[in-house]
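One structure is given below, encoded as structure tokens.
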Amino acid sequence: MEQYEINKDLNKQKNRPELLTVLCILTFIGSGIGVVSNFFVLTSYSSIQELISVGNLTFPGIDILLSVDKTYFLIGFILSSISLFGAYNMWKLKKIGFHFYTIAQILLLIVPYFYFQNFGFPYFGLLITVTFVFLYNLNLKAMS
């Protein structure tokens, strides 16, 4: 009888909804890439600037590296890390993760306006952010 009670309690543990699992994995990938890429540029900023000025380094978007200072990548690294931290907490079914994630994503949409003169409206970024925040919000009831 006692064994049955223990098994019954174990089955009552919260399970992560499949949608939340998929969203978290996608966020781990996206924010993970943001963390790694911003960290790479941040730590090798002067070397990259030197390679660009000599002409040994060319790729699409190189003008971004020439027009912005190091703090942009530091802020990107911090916000991507916060987003990743939020996803980790949601993976662990903690509501606080939703708030960390949402704030970081909104700030990631806003920050480029402070660094780039003619930054166009990020329609696609906004669509992705709104979609993820909406879908994460649907899963808040599974979090504590």
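Across the stretch 39-106, the mean sequence separation of Cα contacts (distance under 8 Å, 6 or more residues apart), normalised by length, yields a relative contact order of 25 percent. Working from label points 7 Å from Cα in the Cα-to-Cβ sense, the Val111 to Asp69 distance is 1.6 nm.
The per residue volume of the convex hull around the alpha-carbon atoms of the chain is 126 Å³.
Note on the chain: lysine pairs with Cα distance below 18 Å, sequence gap of 8 or more or different chains, count 10.
Averaging the sequence gap over all C-alpha pairs within less than 8 Å and six or more residues apart, then dividing by the number of residues, gives the stretch 16-142 a relative contact order of 31 percent.
Readers should treat all values here as calculations from the given coordinates under stated rules, not as data from a laboratory. What you are looking at is a predicted structure, and each value in this text was computed from that prediction instead of being measured. So basically every Cβ, Gly included, is an ideal-geometry build from the backbone, and we count neighbours across all protein chains shown.
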